[in-house]
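Asker: The structure follows.
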Amino acid sequence: MAEISQNIEKAIELINNNELVAIPTETVYGLAGKSISEDAILKIFTVKNRPKFNPLILHFANLEKAKEYVEFIPDLAYKLAEKFVPGPLTFLLKKNKNVPDLVTAGSDSVAIRIPNHKLTLYLLDSLDFPLCAPSANPFGYVSPTNPNHVNNQLGDKIKLILDGGECNIGIESTIISLINKPIIYRKGGISVEQIEEIIGKVAIHKFIDENPVSPGNLKSHYSPKITSLIGNIDKIGLEFQNKSIGILNFNKINPNFDSKYQLVLAKDNSLNTAAKNLFNYLRQLDSMPIEIILLEEVPNYGLGISINDRLKRAAKNN
Ligand code: TXA
Ligand code: MG
């Protein structure tokens with residue numbers, strides 16, 4: 001198993017030696033490696049069992065530092081950054097030659113993010129290069145939101161997990177391309193409404209990695225091992241009366257089913273709470289002695305749109 005600690009010095013040493021370290025962010029834990037080392041980048045793909053057509057996000061301590069890796073930073077990025085950086089927003093910008101092709105899977109755009117977590121910002125500030133960091137889960141599985149999640153799945157493949165506690169947001173960053181007209185490529189921790197308040201109407205790209213031009217957002221992703229279904233819980237439940245059922249509810253237990261295998265995302269009715277609990281509860285349900293997981297959609301506005309996106313990707317029947 002990996003060491004779980006706040007040993008930043010050790011993290012710096014490992015990363016400089018092309019080893020990987022799991023790092024906390026406000027969204028989910030990342031599997032970080034030296035972005036300018038082909039050796040380290042290849043390790044990321046191997047440890048995650050991730051296809052190489054799926055590009056990686058570069059993480060920086062601040063937006064100014066990203067200048068060295070992109071053609072230029074457009075005004076819209078600065079405008080959004082004023083409000084949301086550091087935070088759960090990733091910019092797709094035109095890359096320059098300092099970004100290895102392996103990072104972007106050959107694309108001429110690169111994803112740039114400044115995470116909002118003290119420990120990781122300190123780490124990034126101590127390095128002279130950005131960190132590549134996909135979510136620290138095996139490819140296709142639910143993202144990790146605490147050090148134990150990482151240790152359970154990748155603990156025998158890495159040496160160190162920096163302990164930053166539970167992730168505050170709990171859902172990955174929103175990805176917005178600012179290369180031409182702004183387009184949202186992944187719904188995430190900053191809602192579409194929040195972005196539109198700053199820069200006006202934006203387009204939304206659906207299921208980007210079904211399209212080979214823009215890999216990433218696979219339709220089936222974030223999936224528990226146990227068959228998960230989304231929709232009208234009472235109706236689907238009727239079809240599976242002879243199976244043991246687990247339920248992920250929004251704000252209350254469903255009285256029509258045994259309460260033993262039910263979890264409630266947000267007893268306080270808050271979408272922030274629901275996002276924070278989402279991946280943890282999906283993992284908990286996935287370890288229960290049940291045959292089916294039923295997923296209830298949350299109210300479809302603000303962060304709820306991003307949560308429903310993840311629930312639908314977790315489900316087999318979407
Ligand atoms: O919140 C987050 O963004 C977390 C934390 C660790 O920072 N990271 C994360 O990385 O979610 P990952 O690799 O699990 O998801 C990144 C997504 C992928 O779907 C990838 O295809 C897409 O971003 N992506 C990265 N670079 C891209 C590029 N140049 N063009 C299009 N999509 C890109
Ligand atoms: Mg991921």
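The values are calculated or read from the model by the stated rules, or taken from the named source; none is laboratory data. In this text, all values refer to a predicted model and were calculated from it rather than measured experimentally. As a convention, Cβ positions derive from the backbone with ideal geometry for all residues, glycine included, and neighbour counts pool all protein chains shown.
Asker: Hey, can you tell me all the residues within segment 97-117 that are more than 7 Å from ligand 1 (Cβ to nearest atom), β-branched (Val, Ile, Thr) and outside any loop (DSSP other than H, G, I, E, B)?
Answerer: Within segment 97-117, Val103, Ile112 meet the criteria.
Asker: Which of the following residues is at pLDDT 95 or above and within 21 Å of Arg186 (Cβ to Cβ): Arg313, Arg283? Let's see the steps before the verdict.
Answerer: Numbers: Arg313 fails: at pLDDT 95 or above.
Exactly one of Arg313, Arg283 is at pLDDT 95 or above and within 21 Å of Arg186 (Cβ to Cβ), namely Arg283.
Asker: Considering only segment 153-190, how many residues are touching a residue at least 40 places away in the same chain (Cβ under 8 Å) and under 24 Å from Gln6 (Cα atoms)?
Answerer: Final tally of qualifying residues: 20.
Asker: What is the one condition in (1) surrounded by fewer than 19 Cβ atoms within 10 Å (Cβ to Cβ); (2) at pLDDT 95 or above; (3) within 13 Å of ligand 1 (Cβ to nearest atom) that Val213 does not satisfy?
Answerer: With (1) surrounded by fewer than 19 Cβ atoms within 10 Å (Cβ to Cβ); (2) at pLDDT 95 or above; (3) within 13 Å of ligand 1 (Cβ to nearest atom) applied to Val213, the lone miss is (2).
Asker: For segment 27-55, which positions are among the aliphatic types (A, V, I, L, M) and touching a Cys at 6+ places or on another chain (Cβ under 8 Å)?
Answerer: Just the residues of segment 27-55 that are among the aliphatic types (A, V, I, L, M), to begin with: 28, 31-32, 36, 40-42, 44, 47.
The answer is Val28, Ala32, Ala40, Ile41, Ile44.
Asker: Scanning for something free of Cβ contacts under 8 Å to residues at least 24 places away in the same chain, of a type outside the set (Val, Ile, Thr), within 28 Å of Leu278 (Cβ to Cβ) and out of contact with any strand residue (DSSP E or B) (no Cβ under 9 Å at 6 or more places or on another chain), does segment 42-52 turn up at least one residue?
Answerer: Looking only at segment 42-52, we keep the residues that are free of Cβ contacts under 8 Å to residues at least 24 places away in the same chain, and these are 45-46.
Still in the list and also of a type outside the set (Val, Ile, Thr): 45.
Among the residues that remain, those that are also within 28 Å of Leu278 (Cβ to Cβ) are: 45.
So of that shortlist, the ones also out of contact with any strand residue (DSSP E or B) (no Cβ under 9 Å at 6 or more places or on another chain) come out as 45.
Within segment 42-52 (the criterion being free of Cβ contacts under 8 Å to residues at least 24 places away in the same chain, of a type outside the set (Val, Ile, Thr), within 28 Å of Leu278 (Cβ to Cβ) and out of contact with any strand residue (DSSP E or B) (no Cβ under 9 Å at 6 or more places or on another chain)), the answer is yes, since at least one residue qualifies.
Asker: Being farther than 23 Å from Ile161 by Cβ and touching a helix residue (DSSP H, G or I) at 6+ places or on another chain (Cβ under 7 Å) is the requirement here; does Pro55 meet it? Explain how you work it out, then say what you get.
Answerer: Values: farther than 23 Å from Ile161 by Cβ: yes; touching a helix residue (DSSP H, G or I) at 6+ places or on another chain (Cβ under 7 Å): yes.
Here the answer is yes, as Pro55 does meet what is asked.
Asker: Residues to consider are Ala11, Ala61; find the one that is among the aliphatic types (A, V, I, L, M) and in contact with a Pro (Cβ under 9 Å, 6 or more places away or on another chain).
Answerer: Among Ala11, Ala61, only Ala61 is among the aliphatic types (A, V, I, L, M) and in contact with a Pro (Cβ under 9 Å, 6 or more places away or on another chain).
Asker: Give Leu92, Leu58, Leu121, Leu131 a once-over and let me know the one that is in contact (Cβ under 8 Å) with a residue 40 or more places away in the chain, within 13 Å of ligand 1 (Cβ to nearest atom) and in contact with a Cys (Cβ under 9 Å, 6 or more places away or on another chain). Quick ask: steps written out before the conclusion?
Answerer: On the way: Leu92 fails: in contact with a Cys (Cβ under 9 Å, 6 or more places away or on another chain); Leu121 fails: in contact with a Cys (Cβ under 9 Å, 6 or more places away or on another chain); Leu131 fails: in contact with a Cys (Cβ under 9 Å, 6 or more places away or on another chain).
Selected residue: Leu58, the only one of Leu92, Leu58, Leu121, Leu131 that is in contact (Cβ under 8 Å) with a residue 40 or more places away in the chain, within 13 Å of ligand 1 (Cβ to nearest atom) and in contact with a Cys (Cβ under 9 Å, 6 or more places away or on another chain).
Asker: Can you confirm whether Ile247 is of a type in the set (Val, Ile, Thr), at pLDDT 95 or above and not in a loop (DSSP other than H, G, I, E, B)? First the steps, then the outcome.
Answerer: Numbers: of a type in the set (Val, Ile, Thr): yes; at pLDDT 95 or above: yes; not in a loop (DSSP other than H, G, I, E, B): yes.
Criteria met by Ile247.
Asker: How many of the residues making up segment 264-298 are touching a Phe, Trp or Tyr at 6+ places or on another chain (Cβ under 8 Å) and among the aromatic types (Phe, Trp, Tyr)?
Answerer: Of the residues in segment 264-298, 1 are touching a Phe, Trp or Tyr at 6+ places or on another chain (Cβ under 8 Å) and among the aromatic types (Phe, Trp, Tyr).
Asker: Got a sec? Which of Pro144, Pro182, Pro138 is surrounded by fewer than 24 Cβ atoms within 10 Å (Cβ to Cβ) and within 14 Å of ligand 2 (Cβ to nearest atom)?
Answerer: Values: Pro144 fails: surrounded by fewer than 24 Cβ atoms within 10 Å (Cβ to Cβ); Pro182 fails: within 14 Å of ligand 2 (Cβ to nearest atom).
Unique residue meeting the criteria: Pro138.
Asker: When only residues in segment 268-290 that are more than 18 Å from Leu311 (Cβ to Cβ) and of a type outside the set (S, T, N, Q) count, which is farthest from the chain's Cα centre (by Cα)? Spell out the reasoning first.
Answerer: Let us first name the residues in segment 268-290 that are more than 18 Å from Leu311 (Cβ to Cβ), namely 268, 287, 289.
From what's left, of a type outside the set (S, T, N, Q): 268, 289.
On the way: Asp268: 24, Pro289: 27 Å.
By that ranking, first place goes to Pro289.
Per-residue answers, yes or no, for (1) within 13 Å of ligand 1 (Cβ to nearest atom); (2) over 12 Å from Lys159 (Cβ atoms):
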{"site": "Asn7", "(1), (2)": "no, no"}
{"site": "Ile12", "(1), (2)": "no, yes"}
{"site": "Thr25", "(1), (2)": "yes, yes"}
{"site": "Val28", "(1), (2)": "yes, yes"}
{"site": "Gly33", "(1), (2)": "yes, yes"}
{"site": "Asp39", "(1), (2)": "no, yes"}
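Results for (1) of a type outside the set (A, V, I, L, M); (2) in contact with a helix residue (DSSP H, G or I) (Cβ under 9 Å, 6 or more places away or on another chain); (3) over 24 Å from Ser143 (Cβ atoms), shown as yes or no for each residue.
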{"residue": "Ile8", "(1), (2), (3)": "no, yes, no"}
{"residue": "Val28", "(1), (2), (3)": "no, yes, no"}
{"residue": "Gly33", "(1), (2), (3)": "yes, yes, no"}
{"residue": "Asp39", "(1), (2), (3)": "yes, no, yes"}
{"residue": "Leu42", "(1), (2), (3)": "no, yes, no"}
{"residue": "Val47", "(1), (2), (3)": "no, yes, no"}
{"residue": "Lys65", "(1), (2), (3)": "yes, yes, yes"}
{"residue": "Ala77", "(1), (2), (3)": "no, yes, yes"}
{"residue": "Thr90", "(1), (2), (3)": "yes, no, no"}
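Asker: Further question: Go through segment 274-307 and report how many residues are outside any helix (DSSP H, G or I) and farther than 29 Å from Asn242 by Cβ.
Answerer: Taking segment 274-307 first, the residues outside any helix (DSSP H, G or I) are 287-302.
If we keep only those that are farther than 29 Å from Asn242 by Cβ too, we end up with 299-302.
Total satisfying the criteria: 4.
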